[in-house]
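S.K.: Pasting a structure below so you can have a look.
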Amino acid sequence: MLRIESLRITYGNAVEAVRDLSVHVPRGGIVALLGANGAGKSTVLKAICGVLTAEGGRIAGGDITFEGTSLRAIRADDAVRRGIVQVPEGRRLFARLTVAENLAIGGFLRGTAERAATLARIHDLFPPLLDKLDRPAGLLSGGEQQMVALGRALMAGPRLLMLDEPSLGLAPVITDAIFATLARLRDELGLTILLIEQNASRALALADHATVMEGGRVAASGPAATLAADPMIRAHYLGLSDSGSRRNVREAAPATARLRWPA
Amino acid sequence: MQFLADLIVSGLAAGAIYGLFGMAYAAIYKATGVVNFAQGEVAMLIVYLTAAVLLRIPLPFWTALLIAPLIGIATGLVLDRLVIRPMVGRPPFAIVMVTIGLAVMIRALIVLAWGSEPREFPARAGETVVKLGGIGLYPVQILAFFVLALAIAAAWALLRFSRMGLAMRATAIDERTATLMGIDVRRVAAIAWAASAAVSSLAGVLFASTTYVGPDLFQAGLKAFPATIVGGLDSVIGSAIGGLILGVVENLTGGYGDTALKEIAGFVAIVAVLMIRPTGLFGARDVERL
């Protein structure tokens, strides 16, 4: 469904944020893009969504195609029209607007009947939001805000749902609930998901396939289960020793400079 | 007591024109985060164009209130396409500087096209004083109230109930996220500029019909700027109310104090209001869970 081939992204012709990245997201699959801060994950999302140019970046090589159509020159609103929808990092709700208004904005490009049907679905997925529809979204808890952010994206009728750090700043129990919802969306709706996460253990548990990025390059790529069993991934991204016990912070030093796979 | 009532009512009438200008400032700010310092000049240009139409086709005054907004919408769309759209994605400060440049250009253009001599607006609302509860008002003053009320109702309905209104509110809060939700922020900006020019054209025509059409007409828009600061720069309806407050404050200051003080009353009101409410009386404050 989504193909990223030998992608190279630069900012201001000087900074190479992404180099020679290739990722394939099949229809109905969940693919995780993992890596530390600055690895280039969010830059890839910006390129897919059509907001890269507005932020001073450009695709300097390679291509991104969605169902065979290049996204190199796509505008953000056209990307949404095609069904490419993002849940941005930090949720970025419209804090002063109510929950209902946030959800309505998600469905901005859709017809009344479609919006009503999706809204019913969102109420089913996130019952805690039902009695908070008239509250300003900025007053909700972090978990509730993530529900609204996910609901808002669903209102757009996504065919490819992209989530940027959905577990950021959330309690483990809330993260569990969010990831369970993502699994449900894939299983029940056949939704295709591209997941960007620093929480590698949760992402690998959910995804079918994963790509680890480091310094803008692919450090590792393969089936999620294979990566989860890889000793290097376990040591550097999951913080686990070979025996499976949790390593302390000093032992689990950052992967940067120690971990290098050929690109 | 009669004097006080006269001052308040005539202040409200002047304030209705300020309020319309204030709404025009706020419409653009709310949708784009930019203060259009060419607001008065845009209104002046539309007044000149409306006057040119009325000179060719003599029509009653009320038609000017229909023709001017139509010219205003066209002017707003053209300015957005030529001047503002190329600046999309640039910092708001850069766009504000462009509006200042635009103001200077419009002033020069008007002098080049129509000369610097002031002239009478071709249509008049009538000079017969209408008595309302013992207070005398000119028809244009009553018309100003009516137009402001209509503009407030239209703005409220647009922002509260329409999809485009919701898109404008979302874009004002976070343009990038609005873009990610499929909102075409360039279209939102174009609509805001068109609506703003339409509303300011009404203010311009009402003002010009009580004074004259001249190349310093833009100062009415500048003078109304405190209205939108007092009411809240991001509140379209608040800015309208800010205009009414400004009109009354100015009149009371002029009536009971020195006439010279009347000119600075609006700016004193800005300082006083901002010290108490930094976002203006009706401006939105950030909502954040602590």
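S.K.: Using the Cα centre of chain B as the reference point, and only Cβ charges (+1 on K/R, -1 on D/E), how large is the resulting charge dipole? Debye, rounded to the nearest 20.
M.R.: Roughly 740 debye for chain B.
S.K.: Still on this model: I need the Kirkwood Rh of the protein assembly as shown: take the reciprocal of the average 1/r across all distinct C-alpha pairs and report it in angstrom.
M.R.: Hydrodynamic radius (Kirkwood, Cα pairs) of the protein assembly as shown is 26.2 Å.
S.K.: What list of whole percents do you get for P(r) of the range B:209-290, with Cα-Cα distances grouped in 5 Å bins up to the one holding the largest distance?
M.R.: The percentages, shortest bin first, are 3, 16, 20, 21, 18, 11, 5, 3, 1, 1, 0.
S.K.: Based on the Kirkwood radius over alpha-carbon pairs, what is the Stokes-Einstein translational diffusion coefficient of chain B at 4 °C with 1.567 mPa s viscosity, in µm²/s?
M.R.: Calculated translational D: 67 µm²/s.
S.K.: Given R₀ = 22 Å, FRET efficiency for B:Asp6-B:Leu222 by Cβ-Cβ distance, to 0.05?
M.R.: E(calc), rounded to 0.05, equals 0.25.
S.K.: Then there is this: So what is the accessible area of the range A:93-156 per residue, in Å², with the probe set to 1.4 Å? Spell out each step's value before the answer.
M.R.: Working: 2230 Å² over 64 residues.
In whole numbers, the range A:93-156 has 35 Å² accessible per residue.
S.K.: Counting only residues 5 or more places away or on other chains, whose amide H sits under 5 Å from the amide H of A:Val87 once H atoms are built in the peptide plane?
M.R.: A:Met162, A:Leu163, A:Asp164
S.K.: Karplus couplings for the range B:180-185 from phi (6.51 cos²θ - 1.76 cosθ + 1.60, θ = phi - 60°), rounded to Hz, Gly and Pro as x?
M.R.: Running phi through 6.51 cos²θ - 1.76 cosθ + 1.60 with θ = phi - 60° gives 5, 8, x, 7, 7, 5 Hz.
S.K.: Moving on to the next point. Positive end of the dipole of the protein assembly as shown, charges at C-beta (+1 Lys, Arg; -1 Asp, Glu), about the Cα centre: which of B:Leu281, A:Leu194, B:Ile28 has its Cα farthest in that direction?
M.R.: A:Leu194
S.K.: Oh, and also: Count the DSSP beta bridges whose two residues both fall in chain A, then state the antiparallel fraction as a percent rounded to the nearest 5.
M.R.: Values: 25 of 43 bridges.
Antiparallel bridges make up about 60 percent of those DSSP assigns within chain A.
S.K.: Let me ask something else. For A:105-111, what's the mean count of beta carbons from other chains sitting within 10 Å of each residue's beta carbon?
M.R.: Average per residue, whole number: 5.
S.K.: Let me see the P(r) profile for the range A:93-156: every Cα-Cα distance counted, bins of 10 Å, each bin given as a percent of all pairs.
M.R.: 26, 60, 14, 0
S.K.: State the percentage of accessible surface on the range B:102-159 attributable to carbon and sulfur atoms; use a 1.4 Å probe and exclude ligands, DNA and RNA.
M.R.: Numbers: 2410 of 3450 Å².
In the range B:102-159, the share of accessible area belonging to carbon and sulfur is 70 percent.
S.K.: Distance in nm between label sites at A:Arg184 and B:Ser116, each 7 Å beyond Cα in the beta-carbon direction?
M.R.: 7.3 nm
S.K.: What nm distance separates the two modelled labels at A:Glu55 and A:Asp131, each placed 7 Å from Cα along Cα→Cβ?
M.R.: According to this spin-label approximation, the distance is 3.8 nm.
S.K.: Would you mind getting me the FRET efficiency between A:Ser70 and A:Asp208? Use the beta-carbon distance for r and R0 = 30 Å, nearest 0.05.
M.R.: Values: r = 25 Å, r/R0 = 0.83.
Once rounded, the FRET efficiency stands at 0.75.
S.K.: Find out how many positive minus negative residues lie around B:Leu158, taking Lys and Arg as positive, Asp and Glu as negative, among other residues whose Cβ is under 12 Å from that of B:Leu158.
M.R.: Net of charged neighbours comes to +4.
S.K.: Something else now. Using the Karplus curve 6.51 cos²θ - 1.76 cosθ + 1.60 with θ = phi - 60°, work out ³J(HN,Hα) for each residue of the range B:200-211 in order, rounded to whole Hz, and write x for Gly and Pro.
M.R.: My calculation for the range B:200-211 gives 5, 5, 5, 4, x, 5, 4, 5, 5, 6, 9, 10 Hz in order.
S.K.: A follow-up question, please. From the helices alone, meaning DSSP H stretches of at least four residues, give me the mean residue ellipticity at 222 nm for the protein assembly as shown, per-run term -39500 (n - 2.57), in deg cm²/dmol to the nearest 500.
M.R.: -17500 deg cm²/dmol
S.K.: Which ³J(HN,Hα) values, rounded to whole Hz and listed in residue order, are derived for the range A:74-91 from phi using the Karplus coefficients 6.51, -1.76 and 1.60 in 6.51 cos²θ - 1.76 cosθ + 1.60 with θ = phi - 60°, glycine and proline given as x?
M.R.: Values, residue by residue: 6, 8, 4, 5, 5, 4, 5, 4, 7, x, 9, 10, 10, 9, x, 4, x, 6 Hz.
S.K.: Looking only at the protein assembly as shown, where both bridge partners belong to it, what percent of the DSSP beta bridges are antiparallel (to the nearest 5)?
M.R.: 60 percent
S.K.: Give me the net charge for the shell around B:Ile264: Cβ to Cβ below 13 angstrom, other residues only, Lys and Arg +1, Asp and Glu -1.
M.R.: -1
S.K.: Starting from the amide H of B:Val213, placed 1.01 Å from N in the peptide plane, find each other amide H under 5 Å away whose residue is 5 or more places distant or on another chain.
M.R.: So B:Val213 has HN proximity to B:Arg119, B:Glu120, B:Phe121.
S.K.: Report, as an integer, the average count of C-beta atoms from other chains found within 10 Å of each Cβ along A:46-58.
M.R.: Numbers: counts 2, 0, 0, 2, 2, 5, 0, 1, 6, 2, 1, 0, 0.
Across the residues of A:46-58, the mean count of other-chain Cβ atoms within 10 Å is 2.
S.K.: Here's something else I'd like to know. Using a 10 Å cut-off around each Cβ of peptide A:94-103, what is the average number of partner chain Cβ atoms that fall inside?
M.R.: What the average comes to for A:94-103 is 4.
S.K.: Another question about this same structure. In whole angstrom, how far apart do the alpha carbon centroids of the range A:148-165 and the range B:222-290 sit?
M.R.: What the calculation gives is 41 Å, centre to centre.
S.K.: Within 10 Å, at most 10 other Cβ atoms, and a DSSP state outside H, G, I, E, B define an exposed site. Report the longest part of chain B free of exposed GluC sites (Glu not before Pro).
M.R.: Formally, the longest exposed-site-free interval is B:128-287.
S.K.: Where Lys and Arg each count +1 and Asp and Glu each count -1, what net charge lies around B:Phe218 among other residues with Cβ under 9 Å from its Cβ?
M.R.: Summing Lys/Arg as +1 and Asp/Glu as -1 gives -1.
S.K.: Along each of the three principal axes of the Cα atoms of chain A, give the extent in whole Å, ordering the values from largest to smallest.
M.R.: That works out to 51, 43, 31 Å along the principal axes.
S.K.: Okay, moving on. Given an 8 Å cut-off on Cα distances and at least 6 residues of separation, report the relative contact order of the range A:93-156 as a percent.
M.R.: 57 percent
S.K.: Tilt of helix A:172-189 relative to the longest C-alpha principal axis of chain A, in degrees (0 to 90, nearest 10)?
M.R.: For helix A:172-189, the angle is close to 80 degrees.
S.K.: For the interface of B with A, what's the total buried accessible surface in square angstrom, probe 1.4 angstrom, rounded to the nearest hundred?
M.R.: Details: alone 14380 and 12070 Å², together 23760 Å².
In total, chains B and A hide about 2700 Å² from solvent.
S.K.: Follow-up. Expressed as a whole number of Å, what is the distance separating the alpha-carbon centroids of the range A:29-105 and the range B:124-185?
M.R.: So the two Cα centres are separated by 35 Å.
The values are calculated or read from the model by the stated rules, or taken from the named source; none is laboratory data. Just so it is clear, the model here is predicted, and its values are computed rather than measured. Glycine also receives a Cβ, built like all others from the backbone with ideal geometry; neighbour counts cover every protein chain displayed. When the accessible area is computed, the model is the full protein with side chains, heavy atoms only, and any ligands, DNA or RNA have been set aside. Shrake-Rupley method; radii C 1.70, N 1.55, O 1.52, S 1.80 Å.
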